[in-house]
Amino acid sequence: DAEEYQPPIWKSYLYQLQQEAPRPKRIICPREVENRPKYYGREFHGIISREQADEILAGIEGAYILRESQRQPGCYTLALRFGNQTLNYRLFYDGKHFVGEKRFESIHDLVTDGLITLYIETKASEYISKMTTNPIYEHIGYATLLREKVSRRLSRTKNESRKASVTSEENTPVEKITSLVRRAALTQNDNHFNYEKAHNFKVHTFRGPHWCEYCANFMWGLIAQGVRCSDCGLNVHKQCSKYVPNDCQPDLKRIKRVYCCDLTTLVKAHNTQRPMVVDSCIREIEARGLKSEGLYRVSGFTEHIEDVKMAFDRDGDKADISASIYPDINIIAGALKLYFRDLPIPVITYDTYSKFIEAAKISNPDERLEAIHEVLMLLPAAHYETLRYLMIHLKKVTLHEKENFMNAENLGIVFGPTLMRPPEDSTLATLNDMRYQKLIVQILIENEDVLF
């Protein structure tokens, strides 16, 4: 609870430095400059030399002007006074202003962020280089104090534990109980299927002061101060993100859909061994469709398959795919195939694709089986488990071949390109590999008891 929570002692040194950084001072040109770009203001001084810019800015820390290059007309430069010298940066505009990776709405914001960065990196370069050597992330000292309390809250019901975030939406001290604490609690108490998953970090602009959940240091600057994991919400410095282990625990609130979602992300968010789409569809098919002629080969109505997809995206494992709603089992089979086709990383991953193809080309059956088994061991755990479960199911389908006319070879033709795609989007590579894709799936079905 917020009133019981004692925030950890954040390392505030970099925050103090940001407060000390020079403030930007715009030096206005006293005359009207012809041909001034419409996206620059009175700080634009036209075509002047570096020496002239240095004279204008002399002695005023944080002062800046914009000028047009004498050597390259049409190219613009930000001249900025910092550390008793004038620094010149090539300036660009594409709807936003930038001199490096960060893009700003205004020159004022660009200069403000630049002065903060220059000041902090000048004053604390050695400190910054050592920030990752003693991270709070590995010790989780303050998280340990809350683990039992958070775990009790998480374990009330599995559904609640998935939908409830330990962070608060309000601006209370409990905001500091971020994904770090939730990760620790889930890891020890609630996450039975502890598949390894890398964080999905994306550059993020934080509103208000934020601290890195890896090193506990302030994330400085005006915009793009660090990165945030879009799956679990972990906030860290860009440089700290390289050291964060692959222990992402996705938060259901951040997973917007079921289809087109990374497989490992989905199963970790729902705390299941396999994607619930796979379990639900296979359960339904085995209950009423194993003897259906042309199962997986005959297509259901596309609009009905899309309806099933939307139901899973909207309702998750509560989606109703029973015979009363979808009497045609081919719709459910089509929805399962569509799930596999829509995966951003196929069940047989891009990393292992070429190894599977090479294994399929081995002529000796025993050696080929051994090679395929070795490559299977390289699959991420959630992908391996999903593939194993699907192959057990498809083996059951082949046991009813007399009724459904679907043997392992036929299923290989259907599922080969569904479960594995070449890393490069090449039509020629896909056509050349199709027979091997089919063969791989056929072998996996026929030998599922040996290979898995």
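Scanning region 210-256 for residues being under 27 Å from L14 (Cα atoms) and charged (D, E, K, R) gives a total of 4. Residues that are charged (D, E, K, R) and crowded, with 21+ Cβ neighbours inside 10 Å within region 244-268 comprise D251, K268, listed in sequence order. Note on region 276-292: among residues that are over 16 Å from I255 (Cβ atoms) and in contact with an Asp or Glu (Cβ under 7 Å, 6 or more places away or on another chain), the one that is surrounded by the fewest Cβ atoms within 10 Å (Cβ to Cβ) is K291.
In the set D320, D315, which member is of a type in the set (D, E, K, R) and at pLDDT 95 or above? First the steps, then the outcome.
Numbers: D315 fails: at pLDDT 95 or above.
Answer to the selection: D320.
Could you list all residues from region 374-413 that are among the polar types (S, T, N, Q) and without any contact (Cβ under 8 Å) to a residue 12 or more places away in the chain?
N407
Here T117 meets the list (1) touching a Leu at 6+ places or on another chain (Cβ under 7 Å); (2) under 16 Å from L87 (Cβ atoms) almost entirely, failing just condition (1).
Does S241 satisfy the criteria of being open to solvent by 10 Å² or more (accessible area, probe 1.4 Å), of a type in the set (S, T, N, Q) and in a helix (DSSP H, G or I)? I'd like the intermediate steps shown before the answer.
Values: open to solvent by 10 Å² or more (accessible area, probe 1.4 Å): yes; of a type in the set (S, T, N, Q): yes; in a helix (DSSP H, G or I): yes.
For S241, the condition - open to solvent by 10 Å² or more (accessible area, probe 1.4 Å), of a type in the set (S, T, N, Q) and in a helix (DSSP H, G or I) - is met.
For region 342-373, a residue qualifies if it is without any contact (Cβ under 8 Å) to a residue 60 or more places away in the chain and within 22 Å of V278 (Cα to Cα), and the qualifying residues are T349, T352. Screening region 1-92 for strands (runs of 3 or more DSSP E) wholly inside it with 1 or more residues that are among the hydrophobic types (A, V, I, L, M, F, W, C) and open to solvent by 30 Å² or more (accessible area, probe 1.4 Å) returns the ranges 44-47. Screening region 183-226 for residues that are open to solvent by 60 Å² or more (accessible area, probe 1.4 Å) and among the charged types (D, E, K, R) and picking the one that is modelled with the lowest pLDDT gives E196.
I'd like the full set of residues that are surrounded by 12 or more Cβ atoms within 10 Å (Cβ to Cβ), part of a helix (DSSP H, G or I) and out of contact with any Gly (no Cβ under 9 Å at 6 or more places or on another chain), limited to region 421-435. Don't jump to the end; show me each part of the working.
Of the residues in region 421-435, the ones surrounded by 12 or more Cβ atoms within 10 Å (Cβ to Cβ) are 421-423, 429-430, 432-435.
Okay, now just the ones that are also part of a helix (DSSP H, G or I), so 429-430, 432-435.
Once the filter is applied, which keeps residues that are surrounded by 12 or more Cβ atoms within 10 Å (Cβ to Cβ), part of a helix (DSSP H, G or I) and out of contact with any Gly (no Cβ under 9 Å at 6 or more places or on another chain), region 421-435 yields A429, T430, N432.
With a requirement of 2 or more residues that are within 16 Å of Q225 (Cα to Cα) and modelled with pLDDT of 90 or more, the helices (runs of 4 or more DSSP H) lying completely within region 102-159 that satisfy it span 107-123.
The values are calculated or read from the model by the stated rules, or taken from the named source; none is laboratory data. Fair warning: this is a prediction, and the values are worked out from it, not measured in the lab. Cβ: placed from backbone, ideal geometry, glycine included. Neighbour counts: every protein chain shown. Areas reflect the complete protein model, heavy atoms only, side chains present, ligands, DNA and RNA absent. Shrake-Rupley method; radii C 1.70, N 1.55, O 1.52, S 1.80 Å.
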